[in-house]
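Below is one structure, written out as structure tokens; comments come after it.
Values quoted throughout were computed directly from the atomic coordinates according to the rules given, and no laboratory measurement underlies them. What you are looking at is a predicted structure, and each value in this text was computed from that prediction instead of being measured. Ideal geometry is used to build each Cβ from the backbone, glycine not excepted, and the neighbour counts take in all protein chains shown.
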Amino acid sequence: MVEQSDTMKGTTTVGIVFESGVVLASEKRATMGYLISNKTAKKIYQVAPRIGLTTAGGVGDAQQLARLMTVEANLYEIRRGKRISVQAASTLLSNVLHGNRMYPFYVQLLIGGVDETGPVLFSVDAVGGSGREDGIVATGSGSPMAYGVLEDRYVSGMDEKSAVELAIRALRSAIKRDAGSGEGMAVVVITPDSYRELTDEEISVLTPN
Amino acid sequence: MMNNNQAAYDRAITVFSPDGRLYQVEYAREAVKRGTTAVGIKCQEGVVLIVDKRINSRLLEANSIEKIFRIDEHIGVASSGLVGDARALVDRARIEAQINRVTYDEPIDVETLSKKLGDHMQTYTQFGGARPYGTALLITGISDGQFRLFETDPSGTLLEYKATGIGTGRPAVMKLFEEEYTFECTISEAIALGLKALHEATEGKFDVNTVEIGVITQKEGEFRKMSREEVASYIEQQQ
């Protein structure tokens, strides 16, 4: 059995569906026990032109899955002449994870982006259990703190700016109270026209004191 | 007696002849040329497949012959050539369609499925110990709101058509389509054109027992084979 605690040793990731897109955000702390092993860990990967994957859990497992999903998305597009949908990508990801059920990837993932159907966001667990998220989702050890903020402030159909501010606010709470989360933040905004990672300056301007 | 020139280039393993031909593949194409006629027509309302089953004994139960197959909700195929080979391809197509649903939670594109079948057929022209499929298929359906109509042959070639025919009657069918085909017609008009083509290809030797029709329309959104009654009514209009 994969206990939740195994896949939530550190990290906070947040996903928000807004009016025209998806915000994915994470902090940057990687830990080995009580040691902060990396202060600039990459936890959000672009696996397709308009799809991002956030990772929590084992770094090696997460990176391997991100590489695999990138390759699969490329193959899908070149073979079929159209981009993979978020639904298809998350289903494929679920299949890979469930196929390794007996020797699982220690991860908790969010996969989200924009396709022909609009903004779409899924959470996927270590053994392939996936569920579509209509509004907000958070994973990792900091998720309870993040959820407190998200549940309080999320409004369905909110605009991009409010969604980005909310993601940052939720991460900030997690960073302040969760020992497994900290250092800086990474925020990605995906809309029909772009996949954009915010700069540190943009993030610091939007972060409340 | 075997012509000295082509000796040993038409055995079980497909090998190029000195003039660059693959006799086994050409023989397989010949099996298709001798097959029953099947036509496919795209129009603005949908796509239709019509086949002639060529029944030459009154003892035969006509409905035991099947040459149009539903592959998935949105895809159907018609075959010409060796029926057993067609069935093997159809089974593979049905499995590929379901694999796509399991893998991506999406119905497979007609083009993707056609390419997979073409690729599969091609492997039997290159690897030893097997023979090519003696079958051509018309693969039709709807993907992303577009109607598609593909034709595969034993070499694995894949071509997309607005209207086409395979089997014995191909030359007659193509001649008629070149002259009379138009995309701007109703599905009933497309069926009428298909039956006319089949009429020419079979020199009028067809009736409700020997004709099979498969259709997918914008309105229905799903591939289905027509009932005997429906086929009968179209043939009646034809005559």
Which value in deg cm²/dmol, rounded to the nearest 500, describes the helix-derived mean residue ellipticity at 222 nm for chain B, given -39,500 (n - 2.57) per DSSP H run of n ≥ 4 and division by the residue count?
-> -11500 deg cm²/dmol
In deg cm²/dmol, rounded to the nearest 500, the helical mean residue ellipticity at 222 nm of chain A, built from -39500 (n - 2.57) for every DSSP H run of length 4 or more, is -11500 deg cm²/dmol
Let me know the shape class of segment B:105-203, please: from the alpha-carbon gyration tensor, a ≥ b ≥ c as square roots of the eigenvalues, rounded when a/c is under 1.5, otherwise prolate if a/b is greater than b/c, or oblate.
-> oblate
Total formal charge among the other residues, if their Cβ is under 11 angstrom from that of residue B:118, Lys/Arg +1 and Asp/Glu -1 = -2
Using the beta-carbon distance between residue B:127 and residue B:101 and R0 = 35 Å, what value does 1/(1 + (r/R0)^6) give for FRET efficiency, to the nearest 0.05?
-> 0.75
In segment A:2-206, if every C-alpha pair distance is counted and binned at 5 Å from zero, what percent goes to each bin?
-> 1, 9, 17, 22, 21, 16, 9, 3, 1, 0
Any idea what angle helix B:83-104 forms with the longest principal axis of chain B, computed on alpha-carbon atoms, 0 to 90 degrees, nearest 10?
-> 70 degrees
Could you please rank B:133, B:27, placing first whichever residue has the fewest other Cβ atoms within 10 Å of its Cβ?
-> B:27, B:133
Alpha-carbon Debye profile of the protein assembly as shown, log10 I(q)/I(0) at 0.06 Å⁻¹ = -0.39
Grab the beta carbon distance between residue B:218 and residue A:116, set R0 = 22 Å, and tell me the FRET efficiency rounded to 0.05.
-> 0.75
Label-point gap, in nm, between residue B:159 and residue A:153 - each point 7 angstrom along Cα→Cβ = 6.3 nm
Which of A:129, A:99, A:81 fluctuates most in a GNM of chain A (C-alpha springs under 10 Å)? That residue is A:81
Helix B:170-180 versus the longest principal axis of chain B: what is the Cα-based angle in degrees, 0 to 90, to the nearest 10?
-> 40 degrees
Given segment A:2-206, what count of lysine pairs have C-alpha atoms under 24 Å apart, with each pair 8 or more places apart or on different chains?
-> 16
Karplus (6.51, -1.76, 1.60) ³J(HN,Hα), θ = phi - 60°, over segment B:126-133, in Hz, Gly and Pro reported as x | 10, 9, x, x, 8, 10, x, 6
Gain in span if fully extended, residue A:209 to residue A:101, counting 0.36 nm per residue against the direct Cα distance = 34.5 nm
